[in-house]
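See below for the structure under consideration.
The values are calculated or read from the model by the stated rules, or taken from the named source; none is laboratory data. Here the structure is a predicted model, which means the values were calculated and not measured. Glycine also receives a Cβ, built like all others from the backbone with ideal geometry; neighbour counts cover every protein chain displayed.
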Amino acid sequence: MRKSFLHAYWKHKYLTFLFIPAVIYYIVFHYVPIYGIIIAFKSYKFSLGIWGSPWVGLKHFEELFTVGSFWQVFRNTFLLSFYKLVFGFPAPILFALLLNEIRMVLFKRVVQTISYFPHFLSWVVLAGLALQFLSPGTGPINLILQELGMKPIFFLGSSDWFRPVLVITDIWKELGWGTIVYLAAISGVNPEEHEAATVDGANRFHRIYYITLPAMAPVITIMLIFAIGRLVNDDFDQVFNLLNPAVMNVGDVLSTYTYRMGLVNMEYSFATAVGLFKNIIAFTMIITANAIAKRINEYGLW
């Protein structure tokens, strides 16, 4: 058995060699740094190093559960991720369905290209565009509101508007890129199924509901599991570039909190404890979501 296993690798040795750089990358940048989580159980000092710093056990986790600011940040993170899940997750699915119904190939390609483009821009650029576009003095949205006799709104400085802005800009950036996966799933549908359904009298909505969506179900399930696992995660680049003191009560999330505690306040052990706590919850949620998905429709990650 072992011999045949190694023979298969040797038979496809050139493909294996192409795979080696990816393996090295994950080992060096994802697995080797894992040893750093022991900082969460130590009082880390630069001068002493990781192994020389004294052990404190679960002290930092006890602080984490007793500090009121942490729970506010945790709540902000969960709410923001939940809103992105509710409004952002269905967006690329609906967009893929709409694109699939377009019969003008040139127009379809233009729309796809335009929708993909924001994904390749950094949040530094997109945040600058958002700041200009939503400016209370010169932003086009507020100029339109003033023309309609309404007062201008400081979208990025309002606690009521900051989260919706984060959700909308996230959808704007990732809509086209997320659509690629679902279009690939749709492309696997046999055209003869649609032709047979049309002959049987099915309209466009019936074909989408009974043919296209079931074909997309495995991909939708897997992407949903990943999305649920990200409920306690957030996009640091997005929030950091749009966050300001006026909306800290609703916009401060776990990543910005960890950044501030670890790199600004230099409380490295506490920041590591926050990150470890977040990852444990994310891992638990992925396992749970996968188990539920397997029971419902037999699709899952494993």
ask   = Of the residues PHE29, PHE46, which is exposed (fewer than 10 other Cβ atoms within 10 Å of the Cβ) and either closer than 25 Å to VAL239 by Cα or of a type in the set (D, E, K, R) (or both)?
value = PHE29
ask   = Name the pairs whose Cβ atoms lie under 7 Å apart, with the first residue in the range 260-273 and surrounded by 18 or more Cβ atoms within 10 Å (Cβ to Cβ), the second assigned to a loop (DSSP other than H, G, I, E, B), and 6 or more positions between them or separate chains?
value = MET261/GLU267; TYR268/TYR44; SER269/SER43; SER269/TYR44
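Would the range 130-148 turn up any residue that is under 21 Å from the mean Cα position of the chain (by Cα), in the same structural domain as LYS278 (by TED's automatic domain parsing) and surrounded by 14 or more Cβ atoms within 10 Å (Cβ to Cβ)?
Checked the range 130-148: at least one residue is under 21 Å from the mean Cα position of the chain (by Cα), in the same structural domain as LYS278 (by TED's automatic domain parsing) and surrounded by 14 or more Cβ atoms within 10 Å (Cβ to Cβ).
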request  = Can you work out which of the residues in the range 56-94 that are within 27 Å of ILE39 (Cβ to Cβ) and not in a helix (DSSP H, G or I) is farthest from the chain's Cα centre (by Cα)?
outcome  = VAL56
query = Of ILE225, ILE292, which residue is crowded, with 20+ Cβ neighbours inside 10 Å and farther than 23 Å from PHE70 by Cβ?
reply = ILE225
ask   = Residue check: is VAL165 part of a loop (DSSP other than H, G, I, E, B) and surrounded by 10 or more Cβ atoms within 10 Å (Cβ to Cβ)?
value = no
inquiry  = Here is a list: VAL189, VAL199. Which entry is free of Cβ contacts under 8 Å to residues at least 24 places away in the same chain and assigned by TED's automatic domain parsing to the domain that holds TYR116?
reply    = VAL199
note = Apart from one, (1) crowded, with 17+ Cβ neighbours inside 10 Å; (2) of a type outside the set (A, V, I, L, M); (3) touching a strand residue (DSSP E or B) at 6+ places or on another chain (Cβ under 8 Å) all hold for SER115; the odd one out is (3)
